[in-house]
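See below for the structure under consideration.
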Amino acid sequence: MIRQPPRARCCLCVCVCVCIYLLPGAGNYAADVRPAKEAAEKGYPIALYLDAKERKYIEEFSTSNFIGINEKGNYVTPKSDSILPSTTNKVLMKLAPDLGMEVEERPVAYDELKSFSEVAACGTAVVLTPIASVTRGNETIEFQEISKLKALYEKVKALQVGEEEDAYGLTRVVE
């Protein structure tokens, strides 16, 4: 039995992400230290970033990529040169059509967030962290329990442990 991870609440941060090469390991995440601390002090375990130029488009979460299911049931993830590429997101995009979801990798306006039924953060360690809500100022947008994304999560986990045939060559047997 696969357990669904608990759903997280999220706050919105607008941050100019700048790579800092002077500190080993700082990279793209150095810009997140202060906003993440401020979000945590308000009770939010994760922050959502908008683009630095217009502050209009969703970029990514502080820890991972943004994915959502829109009103058409499509898998939607932002496309931007400033987002760190995610192998996990690429795997999810490859598998989503198998579950009847069209994939949309494109700029995602923050105003569109209200039309999403499911939202999650995706990353290597947990695959998906369901998001219960996003708060920006006094406005909170709430999302349903994940069902389409849970099915996708279970498909990835089944591939990882060899319970499902890997039709795409995504896994390797290590002896």
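Could you pull out the residue among Lys37, Lys72, Lys94, Lys53 that is outside any loop (DSSP other than H, G, I, E, B) and either touching a Leu at 6+ places or on another chain (Cβ under 7 Å) or at pLDDT 85 or above (or both)?
From the options Lys37, Lys72, Lys94, Lys53, the qualifying one is Lys94.
From the set of residues in region 137-167 that are among the charged types (D, E, K, R) and assigned to a loop (DSSP other than H, G, I, E, B), which is surrounded by the fewest Cβ atoms within 10 Å (Cβ to Cβ)?
Glu165
Identify, from the list Val108, Val127, the residue that is within 23 Å of Tyr44 (Cα to Cα), surrounded by 19 or more Cβ atoms within 10 Å (Cβ to Cβ), at pLDDT 95 or above and not polar (S, T, N, Q).
Just a single option satisfies the conditions, and that option is Val108.
Within region 75-91, count every residue that is part of a helix (DSSP H, G or I) and open to solvent by less than 30 Å² (accessible area, probe 1.4 Å).
So the answer is 2.
The values are calculated or read from the model by the stated rules, or taken from the named source; none is laboratory data. The structure displayed is predicted, hence computed values, not measured ones. We place every Cβ from the backbone using ideal geometry, glycine too, and count neighbours over all the protein chains shown. Heavy atoms of the whole protein, side chains included, go into the accessibility calculation; ligands, DNA and RNA do not. Shrake-Rupley method; radii C 1.70, N 1.55, O 1.52, S 1.80 Å.
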